[in-house]
Each structure stands twice: as C-alpha cells, then as structure tokens.
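Undergrad: Please see the structure below; I have some questions.
Rule-based calculations on the coordinates, nothing more; no lab input. Since this is a predicted model, take the numbers as computed values, not measurements. With ideal geometry, Cβ positions are generated from the backbone for all residues, glycine too; neighbour counts draw on all protein chains shown.
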Amino acid sequence: MNDIISINPDNQAYLTHDWAILLFESPWCAGCKDLLNYMEKNSLVDEGIDCLLGKVDIIQNQPLAQQYNVMSLPTVIVFHKGNSHERFSGTMSEKVFVQKIKKCIGNDP
C-alpha cells in the first residue's frame, strides 16, 4: 500500500483490511510529522509489511480519537481485521517505528 488515507467517520477503510496502521495526529505535533514522514517514505512497504496506512486528524475527528482513547500524540494503533491489536505513543526514530510495526504484524525475524 503506497498511499496514506485520511480516516474519518465517513471513511473507516481500516475496518475491512487484515492489517491497518493508523496514526492519530495533529498538524501542530512535531512527533506526528516525523511518524507521518516515516509512513510516507514507504519504509514499511520496503520492509515487506503489507497493510493499510491511515492517519486521523484528532482535531477534525474527535469522536474517533475518543472512541480509541487517544490521550497523547502521536499515537499509533495497529488494527487486525478491524480490531485494535496494539498501540504505542510518543516520538521515536524511524528504525524503532518500523521495528514496532514488524513486531506487531509478525514480520520480525
């Protein structure tokens, strides 16, 4: 998957995929911008991770942020078949981000 889709109450595509990674973010959050850049660089695809990539602007989509109890930014939630599987928050390097995703999805050697 090459594109990062915007998730909102009208577009909940993450519920229909085997694996989905959602970044709960806000334009003012520097750590969110870093994680979004990691996702945009397609480093996950380069690592062989097949999943939907999505972002949720918590300002425009407060109900989704509340539904998943997002209390800090950035927050990443990994979904498996529409269910919340794993979550992590805070700033991190690209290497750590990819390692966490690989561990969640089971692609970690």
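Undergrad: Within the stretch 1-86, list the chymotrypsin sites (Phe, Trp or Tyr not before Pro) lying in a DSSP loop whose Cβ has at most 13 other Cβ atoms in a 10 Å radius.
TA: Counting only loop positions with at most 13 other Cβ atoms within 10 Å, the chymotrypsin sites (Phe, Trp or Tyr not before Pro) in the stretch 1-86 are 28.
Undergrad: Can you tally the net charge around residue 86? Count Lys and Arg as +1, Asp and Glu as -1, for every other residue whose Cβ sits under 11 Å from the Cβ of residue 86.
TA: +3
Undergrad: Once you mark the trypsin sites (Lys or Arg not before Pro) that are in a DSSP loop and have at most 12 other Cβ atoms within 10 Å, what is the longest gap between them in the chain?
TA: Details: sites that count: 41, 81.
It works out to 1-40.
Undergrad: Can I ask one more? Got a sec to turn the phi values of the stretch 67-80 into Karplus ³J(HN,Hα) couplings, 6.51 cos²θ - 1.76 cosθ + 1.60 with θ = phi - 60°, whole Hz, x for Gly and Pro?
TA: 4, 9, 6, 7, 10, 9, 10, x, 10, 10, 10, 9, 10, 10
Undergrad: Classify the stretch 57-105 from the C-alpha gyration tensor, please: rounded if a/c falls under 1.5, else prolate or oblate depending on whether a/b exceeds b/c. Don't jump to the answer; show the numbers that get you there.
TA: Details: a/c = 2.78, a/b = 1.38, b/c = 2.01.
Oblate, because a/c is 1.5 or more while a/b does not exceed b/c.
Undergrad: For every helix of n ≥ 4 consecutive DSSP H residues, a contribution of -39,500 (n - 2.57) applies; sum these over the chain, divide by its total residues, and give [θ] at 222 nm rounded to the nearest 500 deg cm²/dmol.
TA: When only DSSP H runs of four or more count, the value is -8000 deg cm²/dmol.
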